[in-house]
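Read the structure below first, then the notes.
The values are calculated or read from the model by the stated rules, or taken from the named source; none is laboratory data. Just so we're clear, the structure is a prediction, and the values are computed from it rather than from any experiment. Every residue, glycine among them, receives a Cβ derived from its backbone with ideal geometry; neighbour counts consider all protein chains shown. Each accessible area value is taken on the protein alone, full model and side chains, heavy atoms only, with ligands, DNA and RNA left out. Shrake-Rupley method; radii C 1.70, N 1.55, O 1.52, S 1.80 Å.
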Amino acid sequence: MNKIVALFGVIFLVFAIIIFFQVNAKTIGTLLHRSPTSKVSINSATFKVELAKTQKEQMKGLSGRSSLPQDQGMLFVFEKPSRYSFWMRDMKFPLDIIFILDNKVVRVFENVPIAAADDGNPPQFGSDVLSDKVLEINAGLARKNKIKVGDIVTFESK
């Protein structure tokens, strides 16, 4: 009987260790994913950015987060130029959305408000402009840094 109890104890311990390390791996992965990996500069402003390259990363974007440090943003990098649409579903803070083509700003949406929680079809931004990258930063920073159409954008990857 003691051997059976000991066996179940060992099995339980093994499962507990496996679950613990899986949860920690997910947590570590999330933290790494949210750490800025590159820099984007427009005029005198430089933002540390997370890259959203995959469709899954791009669909998630900054949604669900409660805030973003003032010197950070998210850069969406697309394989080819197209007319990409962005919306503010599940966002908790307003943004400036900057559309970029061939390292030049082609459109700036300032102070884009969050979508209402019950809005099944929130407004979309950007479908009228061709771009290959999109930068999301905190609302008000585009105006503060005088970012406008035609500005040159530089990128630095780590």
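Only one entry of Asp71, Asp96, Asp128 meets the criterion of being in contact (Cβ under 8 Å) with a residue 24 or more places away in the chain, of a type in the set (D, E, K, R), open to solvent by less than 40 Å² (accessible area, probe 1.4 Å) and within 26 Å of Gly150 (Cβ to Cβ), and that entry is Asp96.
Of the residues Gly64, Gly120, which single one is out of contact with any strand residue (DSSP E or B) (no Cβ under 9 Å at 6 or more places or on another chain), within 21 Å of Thr37 (Cβ to Cβ) and of a type outside the set (Phe, Trp, Tyr)? None of the others qualify; the one that does is Gly64. Residues in segment 25-58 that are at pLDDT 90 or above, of a type outside the set (D, E, K, R) and more than 25 Å from Gly150 (Cα to Cα): Thr54, Gln55. Check whether at least one residue in segment 133-144 is surrounded by 15 or more Cβ atoms within 10 Å (Cβ to Cβ), part of a loop (DSSP other than H, G, I, E, B) and not small (Gly, Ala, Ser), and report yes or no. So far as segment 133-144 goes, no, none of its residues is surrounded by 15 or more Cβ atoms within 10 Å (Cβ to Cβ), part of a loop (DSSP other than H, G, I, E, B) and not small (Gly, Ala, Ser). Among residues that are under 19 Å from Phe155 (Cβ atoms), part of a loop (DSSP other than H, G, I, E, B) and of a type outside the set (A, V, I, L, M, F, W, C), Pro81 is not included.
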